[in-house]
């Protein structure tokens, strides 16, 4: 039983790590890397958008309703969003203070 628990725990730990990094060719971009590194590896983004995060409900961990769905906002999603479209994926990097704070990679 302990062996199965250890395997499941290891699988969960690996998945959490995978959400904070993305492989581009033979190199890796991780949370905390500079925006210059992202630009060097991927070029200019397909689109950029800025999130001011200055509304009354934008406190850390705050939530609000959007279209009937509860939406959580936190510091990871605040900042400038760089969107890249490549190889059937849409990859979004959130940048704050010149560093990657969040990575989201979705297959189209």
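Only the coordinates and a few stated rules stand behind these numbers; no lab work does. Remember, it's a predicted structure, so these values are computed and weren't measured experimentally. Because the Cβ atoms are built from the backbone with ideal geometry, glycine has one as well, and the counts that use them run over all protein chains shown.
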_Please compute the modelled spin-label separation between residue 33 and residue 107, points set 7 Å along Cα→Cβ, answer in nm with one decimal._
2.2 nm
*Go ahead and run the numbers for FRET between residue 51 and residue 7, Cβ-Cβ distance against an R0 of 25 Å, rounding to 0.05.*
0.05
